[in-house]
């Protein structure tokens, strides 16, 4: 009977075209130690087979980042940081059950429940969004590293948009049912520098 395979998580990113002059491949993979505490260690592998992509694979607590052999040390460090950050965010979102959290908050503050709520990794300028017509809520995965009470506020904020579309007085009467709303807004403004709609989008 074949042994069970260990869980693996991986993705790749597209790079700029390969430079004309290629550096020789390293004989052995380099190990890049991460500052504690980290959910994994990082192993850097320089590959002559890769030309324009960077790959990352997480297995047994080790994130293996494979880069083209022509990359210099600065480029290698950039991609190690980028891939590590991506996996770190993913591991952080995995700890939060958004559907359960939204249901609990909706019941607690007497708000509508979404038809769907999910993490979004492409929201770089917004903390959350609500599509009123479908009842769908998206939460930026950048929030996963924030305190839970901030994440809860963002969820409550979007739940309120299931009842009120704009940011008028009726909306804020609902949103301030969350006791830490003002504190959470201040936290998010400090992070985003957005004092207009606090980094939210609804439609």
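Just so you know, all these numbers are worked out from the coordinates, no wet-lab data involved. Quick caveat, the model's predicted, so the values are computed rather than measured. Glycine also receives a Cβ, built like all others from the backbone with ideal geometry; neighbour counts cover every protein chain displayed.
Values computed for the structure shown
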| quantity | calculated |
| --- | --- |
| Sorted by Cβ neighbour density within 10 Å, fewest at the top, the residues 149, 119 | 149, 119 |
| Cβ-based exposure ranking for 71, 83, 91, 123, in which fewest neighbours within 10 Å come first | 91, 123, 71, 83 |
| Cβ-based exposure ranking for 160, 130, in which fewest neighbours within 10 Å come first | 130, 160 |
